[in-house]
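Below is one structure; the comments refer to it alone.
Please treat every number below as a calculation from the coordinates, not as lab data. Keep in mind that what you see is a predicted model, and the values were worked out from it rather than measured. Note: ideal-geometry Cβ built from the backbone for every residue, glycine included; neighbour counts use all protein chains shown.
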Ligand SMILES: Nc1ncnc2c1ncn2[C@@H]1O[C@H](COP(=O)(O)OP(=O)(O)O)[C@@H](O)[C@H]1O
Ligand SMILES: [Mg+2]
């Protein structure tokens, strides 16, 4: 067993630092992967599945059999439009017949009556049941004539996961069991129905299934995947993901700083060994091999411990998630572990080896005089290059995207140069003010300023950690409050859709007269994009799944005389009702996906008629504002007179809820959509991510402590001599302790001040620059920051040097 | 070819703040195989420098050293090191042991690194022969100064060198312990037939050698034996 113990000084510190790195990578990879899968699932709720096959005709049973062979869950839905009669008035409805198992993802919510509490269920209507939209809740517990059948409506549907996908084109929903559909006689050959085969299961099986089934699909059968979540959801998710990745990278960088500093210390301790071995004629090749082997041993120790810790770290995370989700986290593969092992090895060797190589260059003659390490310019270059390369490689492996890695790399480099510089400035400022206080200036500050003590390293490590923690908590609050602060108080919480043209004005007036604020009413014209620059869209090849999705679906076109609120004109000009020319204004993201430029001609088809116009402007849209937003807005003259319904958003608070009933009675075709649900979901996601992040900053703090211990190790002989000197001069234990405490406390104060100052500055800058917020100075932040860093540094510092207190002053006489 | 070291017209100068400084001037010297040579002289006379040059740890300014039949002036650091491997041992004034490691591990290290098999057995055997059979697994920093130097001697002898260099091996030890260490060094030399080059500022040690050289201000004052 002995041969397994690395023969490098302070290897356990190096091991600990590597272990933390491995743990961070493993835990974050496991976690982000699971979160990603989970988030995708949440997006999948919009499909009520992970994937589905969409067709206008019944699908062969072989698809389902194939899916089952891949171990996927399946369910069928059939959607069709039909009319029912409500008090002898025809009412268009969207009938949906679902099989057992629907929904595969997400839950349905139903109510026993319009004003009863909602209950979540994971299964749709059973045979014989009929669930109805809240809009037609008046029909509850009455028989409804569906074709040749009469079925009693027994539940109101209050939430249907996959209804978001076609938010703006809803007739009231009626849902029934698929087995009851044939008896209604509604489904005859040639009737326009949508057949969906819903699929859910693990990612690998799904993608294998997708590959297998794709060639078998006939025209008109389309495979839909997850990539088509609603834009406002997508944005929130993407932002959260990026924010998460950034924080993980910061944590990882701190862990790598710990490796680098520990490696430097370890290597310096090897100088004697190396110099003696050189006098014995051992070649540098053999020595390099020796050290590689020793580093491998360190890695082998760190690996199982790090992976285990990473694995275990999931459980508290999972627990935190369970609070919101109540769901088991999905499984991930071996990849996170492999990546963690690889990054652990790369960062260990990348940071240690150059230090060791530098030691190998110790002139053997030094062994006869005094062994001290000196770095040749070549070695310094090697060290810098290797550290930079290692850092970049690790970043690249983690973010898996060259450009982002490069950006993060630049950020870390700037920080790494900037933090010690600022700390040094603060120290110098202190020493200027402390000029008259002899002990402060001559004793403490000069100690910290002298490079020998590595104080700047320690302080930088802690500063970066603390600053990150402070920033994360600030940004988190910012993200959470984003909607509240950004939106006017009366942000919309309802969409009113399916408003007949004649009712748009009266409805809007009705609401406003009753003190409800609404958005402008927008016309909705359902069309299909049929050609771009006279080229049929079917022949277009698009890079992204999302782009293809946009092409294959019904477009809701609208027009507006003014640029809608929160929209910004990026290119071209806005065409209002007075413009002679007509054109389309395209949302920026969409223009990118479809590769559209100003002047490109778009052709739309509507009930066999086509109309075309050039792209006249490109806009940006704030999707999260919960206002009606459109990918494409047309000039008024292009849409006027075409079949259309209207849409508006409204803020209906509890005191106005009573208006809803008369409103729906007066406007029976109008559908009311509650969107506060969606906002709650987005908030939930951010909240979950930030709890997880706080967890990761625990690791960052551990790394900072390792940096502290490494630095204390390096300066230990110096410190011990000091303590011995104090003792020889007759100092008692308390005085000795004070001398050390003062140094640590001062370091703590400096770190705390630095972190708070920059957290405030950055917070202020970001708030001012991007959110138009007046940044409020936070005393709490300063107190927290200074307190935390003083306690941490003093506690661990004192703990570490305490054993030196028993050193005999005899030490001074020897050596 | 009986000489293990031949030094001819060896000069070493260094650049000091005060200008060029001549540390060694025109040294000529031969060491026969198996011979025990003691180099003495007051502190600063250039003994350590000379020893370093003879062992190829440093490069001469001019002149030549032939170590174990190979000229050193035309060789780089790595090549000079290769000449020493397995054939040269060192003992230092301040021991230079690897602290934290046991006596056995210290002795094993050069054996392992030069690729010898059965390093542990060999190391143990040599440690017994220097009288440390009972302290094999003790961490070296817990040993006394004399014991530490014994470990260092064992480390040097374990590789069965042709030449053993010792720079002030008793410099950090009290007189009595120093005496024991000197006895050990010369005793082992007698057993193994290794050439011993011992540097000391203590004149009374000089008599123990087959031959003595006295140095002063970078030059050989006189040579006895
Ligand atoms: N690299 C160097 N630079 C400047 N002076 C040196 C250097 N190496 C040795 N010296 C000087 O050369 C002289 C001889 O040193 P040294 O060989 O160590 O003497 P000894 O071992 O006899 O005490 C001393 O005065 C020492 O200061
Ligand atoms: Mg000397």
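The mean sequence separation of alpha-carbon pairs under 8 Å and at least six residues apart, normalised by the residue count of segment A:494-673, gives a relative contact order of 38 percent. Spatially, segment B:1-64 and segment A:399-421 are offset by 52 Å when compared through their Cα centroids. Evaluate the distance, in nm, between pseudo-label points positioned 7 Å from the Cα of residue A:637 and of residue A:214 along their respective Cα→Cβ axes. The two pseudo-label positions are separated by 4.5 nm. Spatial offset of segment A:507-534 relative to segment A:280-307 amounts to 69 Å, using the alpha carbon center of each. Structure remark: mean-square fluctuation, Gaussian network model of chain B, C-alpha springs under 10 Å; the largest value among B:16, B:36, B:82 belongs to B:16.
If R0 is 25 Å, the Cβ-Cβ spacing of residue A:741 and residue A:421 corresponds to a FRET efficiency of close to 0.40.
Extending 7 Å from Cα along the Cβ direction at residue A:538 and again at residue A:92 yields two label points whose distance is 2.5 nm.
Here r is the Cβ-Cβ distance between residue B:134 and residue B:180 and R0 is 22 Å; the resulting FRET efficiency, rounded to 0.05, is 0.85. Hydrodynamic analysis of segment A:494-673 uses the Kirkwood radius over alpha carbon pairs. Inserted into Stokes-Einstein at 10 °C and 1.306 mPa s, it gives a translational diffusion coefficient of 92 µm²/s.
Computed over chain B, the P(r) tail beyond 27 angstrom holds 32 percent of alpha carbon pairs.
Over segment B:48-121, the ratio between the Cα radius of gyration and 2.2 N^0.38 Å evaluates to 1.29. Separation of segment B:125-160 and segment A:1-21, taken as the distance between their Cα centroids, equals 26 angstrom. Measuring r between the beta carbons of residue A:600 and residue A:413 and using R0 = 35 Å, the FRET efficiency lands at 0.25.
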